[in-house]
1. Distance from the Cα centre of the stretch 268-335 to that of the stretch 58-78, in angstrom?
2. For Cα pairs less than 8 Å apart in space and 6+ apart in sequence, what is the mean separation divided by the residue count of the chain, i.e. the relative contact order in percent?
3. Could you give the nm distance between label points at V218 and R25, where each point is 7 Å from its Cα heading toward the beta carbon?
4. Using a/c under 1.5 as the rounded threshold, could you call the stretch 38-151 rounded, prolate or oblate? The axes a ≥ b ≥ c are square roots of the C-alpha gyration tensor eigenvalues, and prolate needs a/b larger than b/c, oblate otherwise.
5. Can you work out the FRET efficiency for the pair Y56 and S303, with r the C-beta to C-beta distance and R0 = 45 Å, to the nearest 0.05?
6. For the stretch 126-280, compute the orientation-averaged projected area of the C-alpha convex hull (one quarter of its surface), in nm².
7. Can you give the extra length, in nm with one decimal, that the chain gains between A244 and R149 once fully stretched, where that is 0.36 nm per residue apart less the Cα-Cα distance?
8. For the stretch 140-210, what is the convex hull volume of its Cα atoms per residue in Å³?
Amino acid sequence: MGKLICMGIESTAHTFGVGIINNKRNILADARDMYTTEKGGIIPSDAANHHRKLKYEMLNKALEDANLYIKDIDFIAFSQGPGLPPSLLVGKDFAKELTLKYKKPLVGVNHLCGHLEEGKFFTKAKDPVFVFVSGANTQIIAHEGEKYRIFGEALSVGLGNALDKFGRAVGLGFPAGPKIEQLAKKGKYIEIPYVVKGMDVEFSGIVTHCINLYKKGVAIEDLCYSLQETGFAMLIEVTERALAHTGKKEALLIGGVAANQRFIEMLNTMCKERGVKSFACPLKYSGDNGIQIAIAGMLQYNSGYNIFKTKQQIENVDINPNWRIDDVETPWMKN
Ligand code: AMP
Ligand code: MG
């Protein structure tokens, strides 16, 4: 088989990314730019404007880094959902524009699937329980039967967004996760609610509780530390039960919050006690990026899933802001 080259476009939330890989596991380019704010959270229309402004710059940077012309790309994959509609629309329109102009097939990738496949790609994990903790999503996922299935999840906000929400209220800006991690190093534990309901977790009440304590003068370092310890412990409890239920022998931490060293350490401890291997997606690839979309896109393309080839098919492609991972076909995975 000759070399197949895929360009992946990521645009579900704050990051606009263009990644290029080939089917020999080579990363050829990873151009990306993240919308950030000094104070306050993500404003969807501003994030979309950021993406619109930078899309050609990211495309050109990726092609330059890969030393390729767009004609060398065999097909384009884009993040079809889930995500913020204004952001998703920019990526979708850009992917359609390029595929129609240069007559390339288009592959619609589930963003979560991108995170999962990228996690396996960059670690030795083969069939893990995924601890997927990004901004909007917090889910414990494993492959069972024909699909990725969700074993437990955050009932309202995901942990990343919960940290960001707390950060916004106490003036840390966006994203707050890394700043909370640093502040937590100087904090001590104070008691805050711990909310696990069956296999699900609930962070919003905890955040409100911490914001109220902050207003009453409790030290920000102590709140950061307690918020982390509690949020991570809740997820590790559910992960441990998912491991017991599925009998899987690996756990893999992915998503933007996987950058947190304390979280990695807590997961390692639990896994070691259970005799399970634990992995974390490398820091560089834990956040949103175009490579993850190219990796999942390559698997999909080779198995014939969710590909649009004709002009009419491509013209009809739309975003899928609520696309759940358990609705994704995974013909490249054989149990
Ligand atoms: P993603 O949506 O996967 O790109 O992840 C973004 C989320 O990860 C944001 O909510 C960040 O606050 C969070 N995040 C990034 N780095 C860290 C960190 N070191 N600790 C905790 N959360 C983090
Ligand atoms: Mg993400």
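1. Here the answer is 20 Å between Cα centres.
2. 25 percent
3. Distance between label points: 4.7 nm.
4. Working: a/c = 1.98, a/b = 1.31, b/c = 1.51.
The shape class here is oblate.
5. Details: r = 31 Å, r/R0 = 0.69.
Computed FRET efficiency for Y56 and S303 comes out at 0.90.
6. About 8.5 nm², averaged over all directions.
7. 32.7 nm is the gain from fully extending A244 to R149.
8. Convex hull of Cα atoms, per residue: 114 Å³.
The values are calculated or read from the model by the stated rules, or taken from the named source; none is laboratory data. Since we're looking at a predicted model, the values are computed, not measured. Quick reminder, even Gly has a Cβ in these numbers, built from the backbone with ideal geometry, and neighbours come from all protein chains shown. Please note that ligands, DNA and RNA were not included when accessible areas were found on the heavy atoms of the full protein model with its side chains. Shrake-Rupley method; radii C 1.70, N 1.55, O 1.52, S 1.80 Å.
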